[in-house]
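Okay, so here's the structure we're looking at.
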Ligand code: ZN
């Protein structure tokens, strides 16, 4: 659909009965197809219908999240919440017929075998028998969200929402940082029993679901649920080993530099969040100015990036500034019928605002470049490679940091790269902990905490709490990580993607144009192949193979050494 501005796009309440009928017609057309052309035509019609449903839903969800006071979209959004399970049921019925079609071979020739691999995987994760368990899993996730939605901590006699502590934790005054950390962790310590109980039940119900479906434990099922078709927990364990050997020492040297800069020889847990005594680099100028600077940057970076960034500006498919009624956070979503991406964010004046214009635009650009892939489920890869699109763009923007940070640009680049590196050991800790809990689903909360503390000592050896914080010393840190509760086994993806983005970054230092062309070619492949094959086709070294990380780290060290961070 052609559109001039996002506000022109109209949506109405879907007619569930009519949609149900449309699906029935498509199902019987596929089932009764007398030749491959008829079968393929039915499949193509289903793609178009599914794109149409998801486009309407995306538009409703965007408008509702921008203004939760708008009654019309509130009601429509509620309607979708209630009816999405039925819509996926229609699709599910179609997929059941599709995998059994007598023209399966011909359909696979047309659209690729991987489409079937994905359907087969998702069918393996479901059976009618587990419906009550899935409902229980959802209810427990809602219970977790409810506890966290009201999370408040005490700061110097004042009760504050937990989100307000982020800024206080980076205060220049050490005593403010100390009180902020104590207040923040005080919430988790006070709600420890409640949160531990929710997690315990989540682990049990996931284990039950896995066993009912015939798996040994939740791990193989969790991998299937995340669409991981060609790597296993064993590959990820080897990858964590490579991180331990090559990234952990580098991250530790970054913390030692931080100690020197802050002039705190023995950093405590409340010092880790502050990078510079002079404060973090902040972008300069209004949001409109930052968008203008981004547009200038993309114009110089590449014609294709420039074309789509300017398209997003002129078609108003970005809503960047925080306002009353808007939900917190940021995301990018793709609207198939519009062949356009949409960026949602809440600018807050921090360097994160620039990351939106690079990271989320990286996701958007991939959406545009894969728009012509006909199979909806193959337009983008799994999470571990999706984030390569976005994280790489953060690095491709390095030569233009002056546009946003002026004389603070070097400090921004230095901090950004340090954060990217030090995140990885934490990310793999979260993964190792989850592996542990699903292999031993009936361990107690105390045993889980002890396991976390051991994992932390291995990958994050600078962290020592002692008597400064007994809750953290006893292994409570994982309790703040949302993914552990509601997105099981999804976290390692960010670290794998980070390594992939490092590959593009280090190549760009050598030959920017070649690295960028390779990036565009990778974007265009979308998610048409499984993980390993997609990497091969895009000529990207697999981040999980043990030789990849050590081929990158020396270049990162050299780059970091080129800064004189004592001046920041
Ligand atoms: Zn992202």
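Read-outs throughout are calculated quantities, based only on the coordinates presented, and are distinct from any laboratory measurement. Being a predicted model, the structure only gives us computed values, none of them experimental. Note that each Cβ is placed from the backbone with ideal geometry, even for glycine, and that neighbours are counted across all protein chains shown.
Here are the numbers for this structure:
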| item | result |
| --- | --- |
| Cα principal axis extents for region 453-568, largest first, Å | 52, 42, 25 |
| Convex hull volume per residue for region 115-247, taking Cα atoms only, in Å³ | 170 Å³ |
| Mean separation of Cα contacts under 8 Å (6+ apart) over length of region 6-129, as relative contact order % | 28 percent |
| Pairwise label distance in nanometres, residue 259 with residue 36, each label 7 Å out on the Cα-Cβ vector | 6.7 nm |
| Alpha-carbon Debye profile of region 364-449, log10 I(q)/I(0) at 0.17 Å⁻¹ | -0.89 |
| √(5λ) per eigenvalue of the Cα gyration tensor, region 61-100, largest first, Å | 31, 9, 5 |
| Relative contact order [Cα under 8 Å, 6+ residues apart], the chain, whole percent | 18 percent |
| D_trans [Stokes-Einstein, Kirkwood Rh over alpha-carbon pairs] for the chain, 37 °C, 0.692 mPa s, µm² s⁻¹ | 128 µm²/s |
| Of every Cα-Cα pair in region 6-129, the percent that sits beyond 25 Å | 35 percent |
| Residues of region 1-35 with amide N under 14 Å of the 7 Å Cα→Cβ point at residue 75 | 12-14 |
| Tensor-based shape of region 238-378 (alpha-carbon gyration tensor, a/c under 1.5 rounded, otherwise prolate or oblate) | prolate |
| Per-residue Cβ neighbour rank within 10 angstrom, fewest leading, 345, 551 | 551, 345 |
| Neighbour-count order for 104, 156, 177, fewest beta carbons within 10 angstrom listed first | 156, 104, 177 |
